[in-house]
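**Student:** Supplied in structure tokens, the structure appears directly below.
The values are calculated or read from the model by the stated rules, or taken from the named source; none is laboratory data. Computed from a prediction, not measured in an experiment: that's the story for all the values here. All Cβ positions, glycine included, derive from the backbone under ideal geometry; neighbour counts span all protein chains shown. Accessible surface areas use protein heavy atoms only, side chains included; no ligands, DNA or RNA. Shrake-Rupley method; radii C 1.70, N 1.55, O 1.52, S 1.80 Å.
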Amino acid sequence: MKPKYSFFSNTRYALEGILAMLRYEMAFRLELFIIIPALILNLFLPLSLIEHLFLAFVLFLILIVESLNSALEACVDLVTEDFKAKAKIAKDCASAAVFFSIILALFSWFFILIRLFHA
């Protein structure tokens, strides 16, 4: 039987997931090391509300996709620790999603900052 929904339990599970990411995922820690200062910088840039939100969104998107990537990798490892071509494809595709989210953030920040400093 599935347990009843509990906001507090679900919040605790989410926080445990964040702690697991911090504990076991070097990529997540590295991304946070770059994203936290960028979010602070974003607060001080003379931009519109929409631009501030967009810049924050693309940074949080990296963390969201990295979390999904880590979850998928853990599931694949749970199924098999042996090398399997399809397991590698699944992991590589999830890694590509992280890569695309980082590229999106870099381009977004680049074009908004270029427009800001050349206005």
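**Student:** Going through PHE99, PHE107, PHE83, PHE111 one at a time, which residue ends up being of a type outside the set (Ser, Thr, Tyr), open to solvent by 100 Å² or more (accessible area, probe 1.4 Å) and outside any helix (DSSP H, G or I)?
**Tutor:** When all the criteria are applied, what remains is PHE83.
**Student:** Please enumerate the residues belonging to segment 25-58 that are in contact (Cβ under 8 Å) with a residue 24 or more places away in the chain, of a type outside the set (A, V, I, L, M, F, W, C) and either farther than 23 Å from HIS118 by Cβ or touching an Asp or Glu at 6+ places or on another chain (Cβ under 8 Å) (or both).
**Tutor:** Just the residues of segment 25-58 that are in contact (Cβ under 8 Å) with a residue 24 or more places away in the chain, to begin with: 25, 27-28, 31-32, 35, 38, 45-47, 51, 54-55, 58.
Filter once more, so that each one left must be of a type outside the set (A, V, I, L, M, F, W, C): 25, 31, 46, 51.
Selection gives GLU25, GLU31.
**Student:** Got a sec? Which of ALA74, ALA14 is open to solvent by 50 Å² or more (accessible area, probe 1.4 Å), in a helix (DSSP H, G or I) and within 19 Å of VAL98 (Cβ to Cβ)? Before the answer, list the steps.
**Tutor:** Numbers: ALA14 fails: within 19 Å of VAL98 (Cβ to Cβ).
That would be ALA74, the only listed residue that is open to solvent by 50 Å² or more (accessible area, probe 1.4 Å), in a helix (DSSP H, G or I) and within 19 Å of VAL98 (Cβ to Cβ).
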